[in-house]
Ligand SMILES: [Fe+2]
Ligand SMILES: [Fe+2]
């Protein structure tokens, strides 16, 4: 899949082709089975512990929030890839989006294993995040990369909070979040090393407020 995607980059697409490709990615992210890369689900070898009803509901709600976060991550990266100026920044955004697909697929599978569903507001999370990502890309690559770094830092904090709240014996959900935490930390480091600028504090605070709206909503629906 990666080869195919990178092979596509050597071709030239009209604006309409680009639009259709982005639309296809959006539909796959929100409604379909997004392409995953070579990694298997980190929960695969974990014991499927018996959870009582309260624990199951808690785990499902937390994994729904994480799935919604991954839908947003996809959209942010796709939006940024659309407007990034430097080709290598654009390629890095597309590569990161591909890696986030793994997280998306793992969280979705875990939601279903916990007899629950992903957030009904997926199209809203995608559309809003795509617009924010595209805007960040338009402002400039160093700010766009800084935005990625800050987003990933906030996601890591949020994952740590979820790891504290998950039932101790829900090893499957924990394994997924531990791997995601490692990956998001790496994404942040790559963004900074690629020239990401530190964002102003008011922007960071605004990002936290927006993220709170999404996480609170997705926890319930
Ligand atoms: Fe992720
Ligand atoms: Fe990430």
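Since every read-out is calculated from the coordinates, none of them should be taken as a lab result. In this text the structure is predicted, and so the values were computed from the model without any measurement. We place every Cβ from the backbone using ideal geometry, glycine too, and count neighbours over all the protein chains shown.
Some points to look at:
- Listed peptides 167-174, 52-59, 146-153 appear in the order 146-153, 167-174, 52-59 once ranked by packing, highest mean of other Cβ atoms within 10 Å at the front.
- The stretch 57-108 - Rg (one decimal) and Dmax (whole number), Cα, Å: 12.9, 44
- For the stretch 142-209, averaging the sequence separation of C-alpha pairs within contact (under 8 Å, six or more residues apart) and dividing by the residue count gives a relative contact order of 59 percent.
- GNM remark for the chain: springs join alpha carbons under 10 Å apart, and the peak mean-square fluctuation among 24, 141, 102 falls on 24.
- Nearest-ten-degree value, helix 201-220 long axis tilted from longest Cα axis of the chain: 50
- Cα centroid separation - the stretch 63-102 against the stretch 180-202, whole Å: 13
- Volume per residue of the C-alpha convex hull in the stretch 170-221, rounded to whole Å³: 93
- Considering every alpha-carbon pair of the chain, the percent of pairs per 5 Å bin, from zero through the bin containing the longest distance, is 1, 7, 15, 20, 20, 16, 11, 6, 3, 1, 0.
- Computed [θ] at 222 nm, helices only, for the chain once each DSSP H run of length n ≥ 4 contributes -39500 (n - 2.57): -26500 deg cm²/dmol
- Crossing angle, helix 122-139 versus the chain [Cα axis fit, 0-90 degrees, rounded to tens]: 40
- Order of 106, 125 under a 10 Å beta carbon neighbour criterion, fewest first: 125, 106
- Averaging 1/r across all pairs of distinct Cα atoms in the stretch 45-167 and inverting the result yields a Kirkwood radius of 15.3 Å.
- The angle between the Cα long axis of helix 171-193 and the main principal axis of the chain comes to about 20°, on a 0 to 90 degree scale.
- Principal semi-axes of the equivalent ellipsoid, √(5λ) from the alpha carbon gyration tensor of the stretch 95-221, are 26, 17, 14 Å from largest down.
- Per-residue Cβ neighbour counts within 10 Å put 192, 44 in the sequence 44, 192, beginning with the fewest.
- Highest mean first, the peptides 203-210, 85-92 sorted by other C-beta atoms within 10 Å per residue fall in the order 85-92, 203-210.
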